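Reading through the structure tokens given below for one structure.
The values are calculated or read from the model by the stated rules, or taken from the named source; none is laboratory data. Just so it is clear, the model here is predicted, and its values are computed rather than measured. As a convention, Cβ positions derive from the backbone with ideal geometry for all residues, glycine included, and neighbour counts pool all protein chains shown.
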């Protein structure tokens, strides 16, 4: 009996066998298992985000799509490495993917010009190539994404002319006489080299991630929260994946907002909002009531790392998926600027440091002035930790100062902590 429902033993046994098989595959073939799980959810953004987060917790690296390694589905390409499936890229249809997969059986693509020349341009149009480039699928073809996009029109035009000549039965006179394609500029392995890519600025990380988000539905080569991972660990007590589990305590999460849906209350006529938020664990929707929205609306922007504080309504207690209600918003950049983070240096009795290293530490600190307190934590060997906070030195809680100090003292001796903790 289960919830007053009679379940036949044969039915239960079948479920237990499936559960055993699933657990066995996940334990002994984790990369293959997660690749299959992700492939079965292509097109379901929230599920894919959740399973990518789970894969990373299992130390499985989920790589960006690649025209030379990706198939239609997610593919295992090495020990604990899964390559993103081309079928999950928006604006890239099945016909274009089939053409690409068929073309690469002749060998890997060596350049953007080679790629354009070998696929069927009747199904692989400019929009398809733009999507492949922005999603990172062409990163292995040389150059950066802005260069590839700038060269795309020329590459397509060159490839189109060649395909038209081939369709009409035309060949290059000199290339035929010499026994090779003397005028080949595609870099397709037939004797020519591709033209140099245009010299254009690299996309900023923000632009790169935003374009990935548009094409994939989530971030794959990075995350806007990544620079604030330490703050997420120090200042939050929950994750997006855990939202919906009712609690009477205050909840703090670190997120980026990926969508803002403004609405008007029928009761009061005031504006409120539903926000789609995302962290490393997944994506979910949260609610901001009119009173709070009037205060924080100007602070909420897409893809800006935020610290959200809020909780749940009493009436949602016992509900299967309770709605998280946002009360306040703080930008993570402000957490650093307000001195809420400190840079801690852990030293201990018996530590053998090179002569003059502390002079170098001071010089590095003075070169990175900021608002974060600098703390020295001394272990005297008796289990007692003595803390000293500098009255005259404060630093910028940035990756640069952490990198400098760790190079001088060791990676495990320099860290960010909550100020005063």
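Taken together, the residues in region 221-264 that are under 20 Å from residue 416 (Cβ atoms), outside any strand (DSSP E or B) and touching a helix residue (DSSP H, G or I) at 6+ places or on another chain (Cβ under 8 Å) amount to 8. Exactly one residue among 321, 364, 348, 313 is closer than 30 Å to residue 279 by Cβ, outside the structural domain of residue 210 (by TED's automatic domain parsing) and in contact (Cβ under 8 Å) with a residue 24 or more places away in the chain, and that residue is 321. In summary, residue 43 fulfils each of the numbered conditions (1) part of a helix (DSSP H, G or I); (2) surrounded by fewer than 20 Cβ atoms within 10 Å (Cβ to Cβ) with the single exception of condition (1). Screening region 270-347 for strands (runs of 3 or more DSSP E) wholly inside it with 2 or more residues that are in contact with a helix residue (DSSP H, G or I) (Cβ under 9 Å, 6 or more places away or on another chain) and farther than 29 Å from residue 372 by Cα returns the ranges 271-278, 283-288. For region 391-408, the candidate set comprises residues that are in contact with a helix residue (DSSP H, G or I) (Cβ under 8 Å, 6 or more places away or on another chain) and part of a helix (DSSP H, G or I); within that set, the residue that is surrounded by the most Cβ atoms within 10 Å (Cβ to Cβ) is 405. Flag: residue 375 does not match the condition of being loosely packed, with under 12 Cβ neighbours inside 10 Å, within 36 Å of the chain's Cα centre (by Cα) and either part of a helix (DSSP H, G or I) or in contact (Cβ under 8 Å) with a residue 24 or more places away in the chain (or both).
With respect to being in contact (Cβ under 8 Å) with a residue 12 or more places away in the chain and either in a loop (DSSP other than H, G, I, E, B) or over 18 Å from residue 398 (Cβ atoms) (or both), residue 206 falls outside the description.
Of the residues making up region 352-368, just one is surrounded by 12 or more Cβ atoms within 10 Å (Cβ to Cβ), modelled with pLDDT under 90 and not in a helix (DSSP H, G or I), namely 353.
Filtered by the rule that a residue be at pLDDT below 80 and either in contact with a helix residue (DSSP H, G or I) (Cβ under 6 Å, 6 or more places away or on another chain) or not assigned by TED's automatic domain parsing to the domain that holds residue 108 (or both), region 150-182 gives 181, 182.
Scanning region 331-351 for residues that are within 28 Å of the chain's Cα centre (by Cα) and surrounded by fewer than 18 Cβ atoms within 10 Å (Cβ to Cβ) yields a total of 6.
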